[in-house]
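**Student:** I am attaching a structure below and will ask some questions about it afterwards.
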Amino acid sequence: MRRSDEPIYWGLFGAGGMVVAMLLPVIVLITGLLVPMGIMDVETMSYERVLEFASSWWGACILLVIIALPIWHGMHRIYHGLHDLGIHTTKLHHYVFYGFAFLVSAITVGLLMVLVFQ
């Protein structure tokens, strides 16, 4: 019997769904409404402060979670949504969707490591 790697993808899917449901609305509220409308100080989202946040190890971890996990969630949803559309997935689909999520995650880690260790 062959072992499945599907539990890993379901775990990343669930974690990404939690981020999308709980954190992204707050981020959209702050960056899309409160700061542009002047309710929050514009200096809150200045380039220098955001760069300082992204350059710290904990800020980089938070940004990694906010960027990578929703990508895994979306790719997993699309991969399994193809079945609902009548498209039967193959190993090629598996590698394309999860490979894309891995590529985005790896690029994000690389860019954040450059910021942190700069």
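**Student:** Does the range 32-58 hold any residues that are in a helix (DSSP H, G or I), more than 23 Å from residue 116 (Cβ to Cβ) and hydrophobic (A, V, I, L, M, F, W, C), and which are they?
**Tutor:** Scanning the range 32-58 gives 33, 34, 42.
**Student:** Sticking with this structure for a sec: Does residue 8 satisfy the condition of being open to solvent by 90 Å² or more (accessible area, probe 1.4 Å), assigned to a helix (DSSP H, G or I) and out of contact with any Asp or Glu (no Cβ under 8 Å at 6 or more places or on another chain)? Steps first, please.
**Tutor:** Details: open to solvent by 90 Å² or more (accessible area, probe 1.4 Å): yes; assigned to a helix (DSSP H, G or I): yes; out of contact with any Asp or Glu (no Cβ under 8 Å at 6 or more places or on another chain): yes.
Taking the combined requirement at face value, the residue satisfies it.
**Student:** Can I ask one more? Anything in the range 24-62 that is touching a helix residue (DSSP H, G or I) at 6+ places or on another chain (Cβ under 6 Å) and touching a residue at least 12 places away in the same chain (Cβ under 8 Å)? List them, or say none. Working first, answer last.
**Tutor:** Looking only at the range 24-62, we keep the residues that are touching a helix residue (DSSP H, G or I) at 6+ places or on another chain (Cβ under 6 Å), and these are 35, 40, 53-55, 57, 59-60.
Result: 54, 55, 57, 60.
**Student:** All but one of (1) without any contact (Cβ under 8 Å) to a residue 12 or more places away in the chain; (2) part of a helix (DSSP H, G or I); (3) not aromatic (Phe, Trp, Tyr) hold for residue 87; state the number of the condition that does not hold.
**Tutor:** (2)
**Student:** Any chance you could count how many residues in the range 41-64 are open to solvent by less than 60 Å² (accessible area, probe 1.4 Å) and either modelled with pLDDT under 95 or of a type in the set (A, V, I, L, M) (or both)?
**Tutor:** From the range 41-64, those open to solvent by less than 60 Å² (accessible area, probe 1.4 Å) are 44, 46, 54-56, 59-60, 63-64; that's our starting set.
Add one more test, that the residue is either modelled with pLDDT under 95 or of a type in the set (A, V, I, L, M) (or both), and what stays is 44, 46, 54, 60, 63-64.
Here the count works out to 6.
**Student:** Out of (1) farther than 30 Å from residue 51 by Cβ; (2) touching a residue at least 24 places away in the same chain (Cβ under 8 Å), the odd one out for residue 113 is which?
**Tutor:** Tallying (1) farther than 30 Å from residue 51 by Cβ; (2) touching a residue at least 24 places away in the same chain (Cβ under 8 Å), residue 113 fails exactly one: (1).
**Student:** Would you confirm, using the coordinates I've provided, whether residue 29 is surrounded by 11 or more Cβ atoms within 10 Å (Cβ to Cβ) and closer than 30 Å to residue 118 by Cα?
**Tutor:** Details: surrounded by 11 or more Cβ atoms within 10 Å (Cβ to Cβ): yes; closer than 30 Å to residue 118 by Cα: no.
It is false that residue 29 is surrounded by 11 or more Cβ atoms within 10 Å (Cβ to Cβ) and closer than 30 Å to residue 118 by Cα.
**Student:** Is there a residue in the range 71-80 that is touching a residue at least 40 places away in the same chain (Cβ under 8 Å), in contact with a Phe, Trp or Tyr (Cβ under 6 Å, 6 or more places away or on another chain) and among the β-branched types (Val, Ile, Thr)?
**Tutor:** Scanning the range 71-80, I find no residue that is touching a residue at least 40 places away in the same chain (Cβ under 8 Å), in contact with a Phe, Trp or Tyr (Cβ under 6 Å, 6 or more places away or on another chain) and among the β-branched types (Val, Ile, Thr), so the answer is no.
The values are calculated or read from the model by the stated rules, or taken from the named source; none is laboratory data. If you're wondering where the values come from, they're calculated on a predicted model, not measured in any experiment. FYI the Cβ positions are ideal-geometry reconstructions off the backbone, even for glycines, and counts take in every protein chain you see. Side chains are part of the model used for accessible areas, which takes the heavy atoms of the whole protein and leaves out ligands, DNA and RNA. Shrake-Rupley method; radii C 1.70, N 1.55, O 1.52, S 1.80 Å.
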